[in-house]
Amino acid sequence: MELLMTNIKKSFDLVKVLKHAQIHVKSSEVHALMGENGAGKSTLMKILTGVYTKDEGTIVIDNKEVQIHSIRDSEKAKIAFIHQELNVLNEMSIVDNMFLGREITNKFGLLKKKEMKALATEKLQLLGLYVDADDSIKSISIGKRQLVEIAKALLLDAELIIMDEPTAALTEKEINLLFKVIRQLKEQGKSFIYISHRMEEIFEICDEITVMRDGTFIGQKKKAYTSFDEIVKMMVGYDLYERFPRIDIEPKDVLLKTENLTLEGKFEDVSFDVRAGEILGFSGLMGAGRTDVMHAIFGSCPATSGKIYVRGKEENIKSPKVAKKLGIGFITEDRKNEGIILDFNVSENLILPSLKDFTKSGLINNKMKLEETEHYKNKLNIKMASPTMKIANLSGGNQQKVVIAKWLHTNPSILILDEPTRGVDIGAKKEIYEIINGLKAAGVAIIIVSSELPEVLGICDRIAVMREKRLVKIFNRAEANQENIMDFATRG
Amino acid sequence: MIGTMNKVKGVYEKYGTVIVLLLLVVVISLMNPKFLTTYNILNIFRQVSINGLIALGMTFVILTGGIDLSVGAILGLSGMVLGLLILAGTPDVLAIIIVILFGATLGLLNGFLISKVKLQAFIVTLATMTMFQGITLIISDGIPAMGVTSNAKVLDFVSQGKTLGLPFPMIVFFIAFFLLYILIEKTVFGRSVYAVGGNEEVARLSSIATVKTKALVYVISGAMAALAGIILTSRLSSAQPTAGAGYELDAIAAVVIGGTSLAGGRGRIFGTLIGVLIIGVLNNGLNIIGVSSFYQQVIKGLVILVAVILDRKSSR
Ligand SMILES: Nc1ncnc2c1ncn2[C@@H]1O[C@H](COP(=O)(O)OP(=O)(O)OP(=O)(O)O)[C@@H](O)[C@H]1O
Ligand SMILES: [Mg+2]
C-alpha cells in the first residue's frame, strides 16, 4: 500500500497542533516518524485512523483520495493502529481482547469462540507467544500484552501497521522477535509506520525517516543517507552534542541499604546499598523483579522478610506515607495506572504527593498551585497549552515529565526512578539526565530502573543486574558494558 | 502453599456465592424442616421471580458501570398501564406486548440521556424514578386498579398457572435468565457491554459502538422491569400505584451479592441468579424460623456487606 498525507492541519480549541504535517509511505517499507514530545506524531496517526478528523489536508491511498471519518473506515482501508498507551481490557481474556470490536459470529449472532481462539492462537504463535488465549490478559506481562496487540493487528490483515512506541515496554528478546516479525511481514509487502524515541532502534529497523517538529513536516530521509546527528538536529532544531551528560563526584554516606529483602514469588535475598551523590542503575529483563523491589522499598507492596536501613537506621516501611516521611520518592513505571490520574488536570496531578505544601489554613491555594506548575513547565520544558488542561490531552512524553515534576517537588533525599525516560524524546531525555545529575550533585541517593542499556551505561555509577527474582551482580561503571550486563541478565 | 492459596481463591471466585447459598439453605432447614419442602421451594422461586427479572436487567446496566434507580418506578407504572388497558377492554396478550414495549421505551429515555446527552446514570435515573412514580399516581388518581385478572385468561394463567408443575412466574424467570445469559456471554453485544464497563476509551478505540451499547442496557432494564410489573399485577390481580417502591434496591443488592462490580466490567449473570436466590432464601427462611422483620433487615444488610467483602478479597 502507498500512503500520502499532505498538508494536514488540526487544532484543538484554538491550539494549532498540526500546522503542516506530511508523510509518504511506500509499500514494503518500514517508515519511522520522528519528532519531539508533543510534535504531533500521535495526532497525525490518529487522524489517519479516524480517531480524530482533520481540519484540512488530503489523504491519498494507492493514488485515490480517501476520507477517513471513523475507526471502521481506517480498518476498511486495511490500516491497523497499535496505540502508544496499551489498549487492553484487564478484566477480559487474551482472545476477547484480540477480537474486541470485530468478533466472529455465526448466523444467529452467537460468538464462535473455538474459531476465534484457534485464530488468535495461530497469530500469537507466529510472534512466538505460547500462551493459552483464554487466560486473562492481566496474567501476562506488559511486554507480552504488547505482542498481543501486534497479533491483533495481524488478525485484521492490515496492509499498513502503525506502531506508536511499541518497544517501550518490551525486553531485548521480545524486541528482537518483534523486529524479526516486522521484517518478515515487510517481505510480504506490508508497510509500517514506526514511532519511537529510541534512536538505535530506528536505525536498526527503518528504511525511511520522516521528521516533524511543532506540527510541521521538516523533512524525509533515507536511512542509508543520513546519520544520528542529522536526524536529532532536524528534530530539536539545534545540535545536541553528547546524549548522556555525566558529572563525577565522590559519593558520601550510605543513605539506603537493604539486606536479604524477600517477597515470596516476587524477589529473593536482594541486598544492596546506595550512597548520597550516587546513581545506582537496575538492569535486567522485564519481570526480573526490579519493579517489585522498588515497591517494597517504597512500602507500596512491602517485603515479607529482610531489612531496610535508611541513613543507617533500620526502618519498617509499611506504606508509601512512611516512605515519603523518610524522604523517599518513587517515580513509577506504569504511568497510566500509577503515575497520573487521567481525569485530573495537569496542576492537580502535579501537587498530589505534596498537597499540604499547597494549602493555606487548610484550603488548597489555587495561585500557588498554578505558579508551581508554571515553574516546572519551564524547568522541565513541559509542552502544554495551560496548567489547567486535562493531563489526558498531553502527549505521552509530556505526561512523563509531569510525573517527574510531581516527585521532584517533594524534595526527596532518596529518589527511585522506574523507567524515567520511557517515551521521552531525545532532547528531553538529556534534560531529565541533567536534572538527575543536579540531584546527584546535591547529595541525593538515586536508583534508576531502566531497560535501556545505553541509558544505564551512560549515566549510572554502579549497575545492579537482576535475573529471575535475584540480584546477581553489581558492576562498577568502568567494568560494565552491554555484553556482560546482558550476559548476567539472561544466562543461568 | 501459594498454589493451594490460589486454588482456594479460584474456587471461591467461581463458586463462592453458591457456597454461601448452600450454607444458608442448610442452616435454615436445620432450624426448621418445613423450609426444605417442595411446596416451600416452589414458593421461594415464585417469590423471587419478580426481583429476579429486574436484577437480570440491572446486571447489564451495572456491567457497563451504570446504575438504574428507576426500575421500581417503571415496574409500578407499567403495572398501572397494564391494569388500565385491561379494564378498558384491551385483549390481554396485546396489552402485555404493549406494556413490555412501553417499559423498553422508558428505558430508552434513560439510555438516551445517559449515553447521548452524557449525564450521570445515578442522577438521570433518580430523576426519572421520581417522574415515573408521579405519572403513575396521575393516571391512577392514586387509586388501585382492581379486578385486573377476572376477565383476562392469559393474565390469570400468569398468576395461577403451572407448567410441568412449576409456577409460571418461575418459568418466565428461567427463560429470561437463559436468553439473557446467551446475550451477555455469547454475543458481540455482550462483549461490548463488558468492554464499555471495563474501559470506555479502550472500547471506543476498538470501534465498539459505545453510545448504542450504553443506551441498550437501559432498554433491557426497562423491559425487564415492565415484565416484572406484569407478573406482579397479575399476582395481586390489581395494579397498586405504589407497587414498585424499593424494588430497585433489592435488585442492586442481588447483583452485587452475585459478584458484579459496581465499577463495571466485571461480573457474571449467573452470579445474579445466585444473588437473587440468596435474598429470596433469606426473606423466606427468616420468616419461617420466626425472626422478626426488624432483625431481618439487619441480617439482610449484613449479608450484602459480607458478600462484597468476600468479593473484594477474592478479586485481589
Ligand atoms: N485532545 C486534545 N486536546 C488538546 N490538545 C491535544 C489533544 N491531543 C493532543 N493535544 C496536544 O497536541 C500536541 C501533540 O500531541 P501528540 O500526542 O500528537 O504528540 P506526540 O508527537 O505523539 O508526542 P510524544 O512523543 O510525547 O508521544 C501536544 O502538545 C498535546 O498536548
Ligand atoms: Mg505520541
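Overview of values
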{"read-out": "Residue, least open to solvent (accessible area, probe 1.4 Å), within region A:1-16, restricted to residues that are outside any loop (DSSP other than H, G, I, E, B) and within 13 Å of ligand 1 (Cβ to nearest atom)", "value": "A:Ile8"}
{"read-out": "A:Glu174 within 16 Å of ligand 1 (Cβ to nearest atom) and assigned to a helix (DSSP H, G or I)", "value": "no"}
{"read-out": "Any hit, region A:48-68, residues being free of Cβ contacts under 8 Å to residues at least 40 places away in the same chain and within 13 Å of ligand 2 (Cβ to nearest atom)", "value": "yes"}
{"read-out": "Any chance A:Phe344 is among the aromatic types (Phe, Trp, Tyr) and more than 22 Å from A:Gly423 (Cα to Cα)", "value": "no"}
{"read-out": "Residues satisfying the stated conditions in region B:75-106, i.e. open to solvent by less than 20 Å² (accessible area, probe 1.4 Å) and within 17 Å of B:Thr242 (Cα to Cα)", "value": "B:Leu75, B:Gly76, B:Leu77, B:Ser78, B:Gly79, B:Met80, B:Leu82, B:Gly83, B:Gly103"}
{"read-out": "Scan of region A:17-39 for residues that are away from ligand 1 (no atom under 16 Å from the Cβ), open to solvent by less than 10 Å² (accessible area, probe 1.4 Å) and not in a strand (DSSP E or B), ordered by number", "value": "none"}
{"read-out": "Contacts under 6 angstrom Cβ, first residue in region A:158-170 being assigned by TED's automatic domain parsing to the domain that holds A:Phe81 and open to solvent by less than 10 Å² (accessible area, probe 1.4 Å), partner among the charged types (D, E, K, R) and away from ligand 2 (no atom under 15 Å from the Cβ), 6 or more apart", "value": "A:Ala158/A:Lys78"}
{"read-out": "Only listed residue being within 14 Å of another protein chain (Cβ to nearest Cβ) and crowded, with 20+ Cβ neighbours inside 10 Å, chosen from B:Gly197, B:Gly244, B:Gly222", "value": "B:Gly197"}
{"read-out": "Region A:84-99 - residue that is more than 24 Å from A:Gly423 (Cβ to Cβ) and facing another protein chain (nearest Cβ under 7 Å) and, of those, modelled with the lowest pLDDT", "value": "A:Glu91"}
{"read-out": "Candidates A:Met98, A:Met34, filtered to the one that is more than 27 Å from A:Asp135 (Cα to Cα), hydrophobic (A, V, I, L, M, F, W, C) and not assigned by TED's automatic domain parsing to the domain that holds A:Gly339", "value": "A:Met34"}
{"read-out": "Condition met for A:Ser42 (surrounded by 21 or more Cβ atoms within 10 Å (Cβ to Cβ), more than 16 Å from ligand 1 (Cβ to nearest atom) and among the hydroxyl-bearing types (Ser, Thr, Tyr))", "value": "no"}
{"read-out": "Residue, nearest to ligand 2 (Cβ to nearest atom), within region A:180-199, restricted to residues that are more than 18 Å from the chain's Cα centre (by Cα) and within 21 Å of A:Ser42 (Cα to Cα)", "value": "A:Phe192"}
{"read-out": "Selected residue (only one of A:Leu33, A:Leu48, A:Leu3 is closer than 18 Å to A:Met212 by Cα, touching a Lys or Arg at 6+ places or on another chain (Cβ under 8 Å) and not small (Gly, Ala, Ser))", "value": "A:Leu33"}
{"read-out": "Any hit, region A:424-442, residues being part of a loop (DSSP other than H, G, I, E, B), over 17 Å from A:Asn37 (Cβ atoms) and away from ligand 1 (no atom under 11 Å from the Cβ)", "value": "yes"}
{"read-out": "Condition met for B:Gly72 (of a type in the set (Gly, Ala, Ser), open to solvent by less than 20 Å² (accessible area, probe 1.4 Å) and under 19 Å from B:Ser159 (Cβ atoms))", "value": "no"}
{"read-out": "Some residue of region A:46-67 being within 16 Å of ligand 1 (Cβ to nearest atom), assigned to a helix (DSSP H, G or I), modelled with pLDDT of 90 or more and of a type outside the set (A, V, I, L, M)", "value": "yes"}
{"read-out": "Matching residues, region B:53-69, being touching a Gly at 6+ places or on another chain (Cβ under 8 Å) and not β-branched (Val, Ile, Thr)", "value": "B:Ala55, B:Gly57, B:Leu63, B:Gly65, B:Gly66, B:Asp68"}
{"read-out": "Lone unmet requirement of (1) surrounded by fewer than 21 Cβ atoms within 10 Å (Cβ to Cβ); (2) more than 14 Å from every other protein chain (Cβ to nearest Cβ); (3) within 16 Å of ligand 2 (Cβ to nearest atom) for A:Ile364", "value": "(3)"}
{"read-out": "Selection count where residues are outside any helix (DSSP H, G or I) and loosely packed, with under 13 Cβ neighbours inside 10 Å, scope region B:127-146", "value": "3"}
{"read-out": "Among the candidates A:Val403, A:Val444, residue that is more than 16 Å from ligand 2 (Cβ to nearest atom) and not hydroxyl-bearing (Ser, Thr, Tyr)", "value": "A:Val444"}
{"read-out": "Single residue of A:Ile414, A:Ile391, A:Ile382 found to be in contact with a strand residue (DSSP E or B) (Cβ under 6 Å, 6 or more places away or on another chain), open to solvent by less than 40 Å² (accessible area, probe 1.4 Å) and aliphatic (A, V, I, L, M)", "value": "A:Ile414"}
{"read-out": "Region A:406-441, subset small (Gly, Ala, Ser) and over 24 Å from A:Leu285 (Cα atoms), residue farthest from ligand 2 (Cβ to nearest atom)", "value": "A:Ser413"}
{"read-out": "Qualifying positions in region A:100-111 - surrounded by 14 or more Cβ atoms within 10 Å (Cβ to Cβ) and facing chain B (nearest Cβ under 7 Å)", "value": "A:Leu100, A:Gly101, A:Glu103, A:Thr105, A:Leu110, A:Leu111"}
{"read-out": "Which listed residue, of A:Ala77, A:Ala118, is modelled with pLDDT of 90 or more, open to solvent by less than 50 Å² (accessible area, probe 1.4 Å) and either more than 25 Å from the chain's Cα centre (by Cα) or within 10 Å of chain B (Cβ to nearest Cβ) (or both)", "value": "A:Ala77"}
{"read-out": "Candidates A:Asp229, A:Asp214, A:Asp207, filtered to the one that is away from chain B (no Cβ under 14 Å), among the charged types (D, E, K, R), farther than 22 Å from A:Pro420 by Cα and within 16 Å of ligand 1 (Cβ to nearest atom)", "value": "A:Asp214"}
{"read-out": "Residue list for region A:393-416, filter: part of a helix (DSSP H, G or I) and more than 16 Å from ligand 1 (Cβ to nearest atom)", "value": "A:Lys406, A:Trp407, A:Leu408"}
{"read-out": "Residues located in region A:311-338, provided they are over 28 Å from A:Met486 (Cα atoms), surrounded by fewer than 22 Cβ atoms within 10 Å (Cβ to Cβ) and in contact (Cβ under 8 Å) with a residue 24 or more places away in the chain", "value": "A:Arg311, A:Gly312, A:Lys324, A:Leu326, A:Gly327, A:Lys336"}
{"read-out": "Test: A:Ser70 is away from every other protein chain (no Cβ under 14 Å) and either open to solvent by less than 40 Å² (accessible area, probe 1.4 Å) or more than 16 Å from ligand 1 (Cβ to nearest atom) (or both)", "value": "no"}
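The values are calculated or read from the model by the stated rules, or taken from the named source; none is laboratory data. Here the structure is a predicted model, which means the values were calculated and not measured. Cβ: placed from backbone, ideal geometry, glycine included. Neighbour counts: every protein chain shown. For accessibility, only protein heavy atoms count, side chains too; no ligands or nucleic acids. Shrake-Rupley method; radii C 1.70, N 1.55, O 1.52, S 1.80 Å.
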